[in-house]
């Protein structure tokens, strides 16, 4: 009898401990998500309620050319950032890992500092560095192209430039993840391989790379999710231009909701983006895991 | 197959000298063991032979060839690590054949060698498993298998059994001994466990503070230690040491007073002066209860092992004395008695720890 009472009390304590979290989660995540889903089937403005329109918003989306442009740009941006930032972070981590003591700490701080900066500062720094008239990087561009380039006003240059800014900004975190992964590989594995006659190339491809694969898969997946959500950098650097060549899905959500007052339509776009992120990232993580198992 | 010869090997990390002028030789086909307390430099010495550490001075020869500056893979050595150092992402077979696959050896050759090593180590049923699916003893065998596949001139073992439980350790010790007889290669083995050293070695090198304190056959070290450190390190339970003062000398040896009793030691060489401080050492199995003479002690605990027992007693000065009893079932706890030893079993050391012979 007392056992049962004890058990019940045990559960009560447990529930009371998780209740605050569940309440906050319901209030700031679950409720808004349900509202967005509901909203996406209405013609509601940004504030206030609208009428039920069924799948009209989604039908409209399928015939919206800006949607396809944005979708394509999102994909292009993912291509430009996810794999390059992972490769760069890995290379930096391998280099930093060779340093020791204070030098290693210093190098890590240097690579991590941009990550600490707010996005507005990051974009301002790069807007200045790439400024058409007095940007200090213009001579470099001029060297390769023969003339100064207004990068954020040029349809060819704008997305790669935003990608460079993004990689510069977020790379430190990936470096940190790779450093942690590298430190987890026991030194003896390298010593054993050296005794077995491994060249430094073989050390990397036969020992480091397969053992680092779980971290690599994690970095790739985190990056994919993060880069599909691109908004701030584009908004601050090019506002989607020129000629919508840097227009992305979240920018479209922003425009529909806050500039054109189409709450329902904006909700539908954001829901589609949400589904894309879920499907793609789950798919990618599974594929990477299977790839890892073969190694 | 080749022997290993070290001449005047030195190693410093910064201002800290870890190995101070070590010279030793392990003839080909012999099983050499470096033994000593942690920090004595035994692992560093082994890693220097493997080429994983540079030497600060001296010369390393394997099979008569100077390999001091040769890279690890070209020294003809294979090493078994304490942590096994198995690749978690590779199967047992791939772990064992790793060196051959690095060298791009033909598949059939690799498979044949791996299968042969697996047969020797009874791993044939586990070849497709990952190391994580194996027990500690099996992992250890895979690590040894990886060394066998390379057909090295010299096997190096760095405390290979210290991660195993006691029972498995004894079993693996026997297997290693058997393996050595079977392969006949030169082996160098590092351990802090003197029992492993005694049971495995052809030659033991006792190290302390970067010096070889004594080298020799196991029983030679046991019966005739050069110094107090070796005398205390080899043998379990350890030798009893008693601080004493010389009271009389004669042509056969000397008599000394200690802990309210007397012990007589045999000594062929020069005798210590009367009144000199001296340290006497007696192994537990040589101490026996005596009627007169000897040391008066009070028995505190007896560890009964069945066939024999180790009796822990306290002298009147409070020192712990251990002696062995065989075949007796008498309860000794709490009793006061005198224990002594035959003069030829009493070792004499200077207060600095040097043996007097």
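Bear in mind these aren't lab numbers, they're just calculated from the coordinates by the rules spelled out. For clarity, every value in this text was computed on a predicted model and none was experimentally measured. Cβ placement follows ideal geometry from the backbone for every residue including glycine, while neighbour counts extend to all protein chains displayed.
Below are the figures for this structure:
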| item | result |
| --- | --- |
| Pairwise label distance in nanometres, residue A:129 with residue A:103, each label 7 Å out on the Cα-Cβ vector | 2.5 nm |
| Per-residue average of Cβ from other chains inside 10 Å of B:70-77 | 3 |
| Volume in Å³ per residue [convex hull over Cα atoms, computed for region A:64-294] | 149 Å³ |
| For region A:38-125, alpha-carbon Rg relative to the globular expectation (2.2 N^0.38 Å, N residues) | 1.85 |
| Over chain B: helical MRE at 222 nm, DSSP H runs n ≥ 4 each giving -39500 (n - 2.57), nearest 500 | -6500 deg cm²/dmol |
| Mean Cβ count within 10 Å, highest first, over the residues of peptides B:243-256, B:296-309, A:19-32 | B:243-256, B:296-309, A:19-32 |
| Efficiency of FRET between residue B:61 and residue B:12 - r from beta-carbon atoms, R0 22 angstrom, step 0.05 | 0.55 |
| Choice from A:283, A:12, A:249 with maximal GNM fluctuation in chain A (Cα, 10 Å cutoff) | A:12 |
| Most mobile listed residue (A:276, A:225, A:34) in chain A, GNM with C-alpha springs under 10 Å | A:34 |
| Reciprocal mean inverse distance between Cα atoms of region B:99-183 - Kirkwood radius, Å | 13.7 Å |
| Extension gain from residue B:329 to residue B:305, taking 0.36 nm per residue of separation minus the Cα-Cα distance | 7.5 nm |
| Residue A:8-residue A:28 FRET efficiency (beta carbon distance; Förster radius 25 Å; 0.05 resolution) | 0.25 |
| Calculated FRET value between residue B:257 and residue B:219, using beta carbons and R₀ = 30 Å, to 0.05 | 0.45 |
| Spherically averaged projected area in nm², based on the convex hull that wraps the Cα atoms of region B:156-216 | 4.4 nm² |
| Net length gained if the chain between residue A:286 and residue A:184 were fully extended (0.36 nm per residue, minus Cα distance) | 34.4 nm |
| Label point at residue B:266 placed 7 Å out along Cα→Cβ; residues across region B:326-357 whose backbone nitrogen lies under 17 Å | B:340-349, B:356-357 |
| Solution diffusion estimate, µm²/s, Stokes-Einstein, region B:267-311, Kirkwood Rh from C-alpha pairs, 4 °C, viscosity 1.567 mPa s | 93 µm²/s |
| On Cα atoms only, tilt of B:166-183 relative to the major axis of chain B in degrees | 60 degrees |
| Per-residue mean of C-beta atoms belonging to partner chains within 10 Å, peptide A:218-226 | 0 |
| Average beta-carbon neighbours from other chains, 10 Å sphere, peptide B:83-90 | 6 |
| Whole-percent pair-distance distribution, where bins are 10 Å wide, for the alpha carbons of region B:286-333 | 26, 58, 16, 0 |
| Estimated translational D of region B:93-136 in µm²/s (Stokes, Kirkwood radius over Cα pairs; 4 °C; 1.567 mPa s) | 120 µm²/s |
| Per-residue [θ]222 nm for chain A (sum of -39500 (n - 2.57) over DSSP H runs n ≥ 4, rounded to 500) | -23500 deg cm²/dmol |
| Taking chain B and dividing mean pair separation by its residue count, relative contact order in percent (alpha carbons under 8 Å, at least six apart) | 16 percent |
| Computed Kirkwood radius, in angstrom, where 1/r is averaged over Cα pairs of region B:252-357 | 14.4 Å |
| Cα-Cα P(r), chain B, percent of pairs per 20 Å interval | 26, 46, 24, 3 |
| Rg/Rh for the protein assembly as shown, where both radii come from Cα atoms and Rh is the Kirkwood radius | 1.17 |
| Binned Cα-Cα distance frequencies in region B:117-239 - 5 Å width, integer % | 2, 10, 20, 20, 18, 13, 8, 6, 3, 1, 0 |
| Selected from B:286, B:16, B:126 as most flexible by GNM, with chain B as the system and alpha-carbon contacts under 10 Å | B:16 |
